[in-house]
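Here is the structure we will look at, set down as structure tokens.
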Amino acid sequence: MRFRDRRHAGALLVEALKPLGLERPVVLGIPRGGVVVADEVAKGLGGELDVVLVRKVGAPGNPEFALGAVGEKGGMVLKPYALQYADQSYLEREAARQKDVIRKRAERYRKVRPKVPLAGRDVVLVDDGIATGSTMEAALAVVLSEKPRRVVVAVPVASPDAVERLKDQAEVVVLSTPPDFAAVGAYFMDFGEVTDEEVEGLLLQWSA
């Protein structure tokens, strides 16, 4: 299954999510690409848009290979194999570097739209795809700590292994789980980079 772009994927996710009967959900996009998908989902479900700030902790020399991830509240989720590829000191340094990125993004995004409280709310966690699942697991840890009523992970495409693991932690809605999963961008005809300015523009629309 291939998607025209992130908005097309979001529109298809809306149809898959409607039967769940979510009540005015807070739809949290993972910056940056996930926020475009989340914007479409929030509009389609009559919810509201916000972001959840998490960053991948990549392997030495291969930042796209996730050894774990860090969330807005500072916690780090490590993959079981992390120490096979890096020592503890590297992981701590890289986590600190990614936390600094999160801090700077929080300063930008929260000026535009203050954080939406999640306690007692239905929450939909959205990204444009899931490869290892580390980033989404970090996002889930952040969200669950705020005691929402219900949490649903919703993505257009994901690796089967990641989906199975996430199902133990939340409801999962995914449109495609290719057995020979490649990079997320392979399943989109248009997978252009999303900028911080675009994210800020979307959040500003929801702040009005």
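The values are calculated or read from the model by the stated rules, or taken from the named source; none is laboratory data. In this text, all values refer to a predicted model and were calculated from it rather than measured experimentally. Cβ placement follows ideal geometry from the backbone for every residue including glycine, while neighbour counts extend to all protein chains displayed. Ligands, DNA and RNA are excluded from the accessible area calculation, which covers all protein heavy atoms including side chains. Shrake-Rupley method; radii C 1.70, N 1.55, O 1.52, S 1.80 Å.
Before moving on, here are some points about what is shown:
- Considered as a group, the residues in region 193-208 that are aliphatic (A, V, I, L, M), out of contact with any strand residue (DSSP E or B) (no Cβ under 9 Å at 6 or more places or on another chain) and closer than 22 Å to Val101 by Cβ include one that is most open to solvent (accessible area, probe 1.4 Å), and that residue is Leu204.
- Hits in region 83-100 - residues which are closer than 20 Å to Leu53 by Cβ and open to solvent by 70 Å² or more (accessible area, probe 1.4 Å): Glu92, Arg93, Arg97, Lys99
- Options Ala119, Ala141, Ala186: the member that is at pLDDT 95 or above and either of a type in the set (Asp, Glu) or not in a loop (DSSP other than H, G, I, E, B) (or both): Ala186
- Top-ranked residue in region 159-192 [being touching a residue at least 24 places away in the same chain (Cβ under 8 Å) and among the acidic types (Asp, Glu); ranked as surrounded by the fewest Cβ atoms within 10 Å (Cβ to Cβ)]: Asp190
- Condition check for Leu28: hydrophobic (A, V, I, L, M, F, W, C), part of a strand (DSSP E or B), at pLDDT 95 or above and crowded, with 24+ Cβ neighbours inside 10 Å: yes
- When Pro80, Pro63 are checked against the criterion of being without any contact (Cβ under 8 Å) to a residue 60 or more places away in the chain, loosely packed, with under 14 Cβ neighbours inside 10 Å and under 17 Å from Glu137 (Cβ atoms), a single residue qualifies: Pro80.
- Within region 34-57, the set of residues being open to solvent by less than 10 Å² (accessible area, probe 1.4 Å) and of a type outside the set (A, V, I, L, M) comprises Gly34, Asp39, Asp50.
- Meets criteria (more than 14 Å from Gly29 (Cβ to Cβ) and β-branched (Val, Ile, Thr)) for Ile102: yes
- The set of residues from region 152-183 being part of a helix (DSSP H, G or I) and of a type in the set (Val, Ile, Thr) comprises just one member, Val163.
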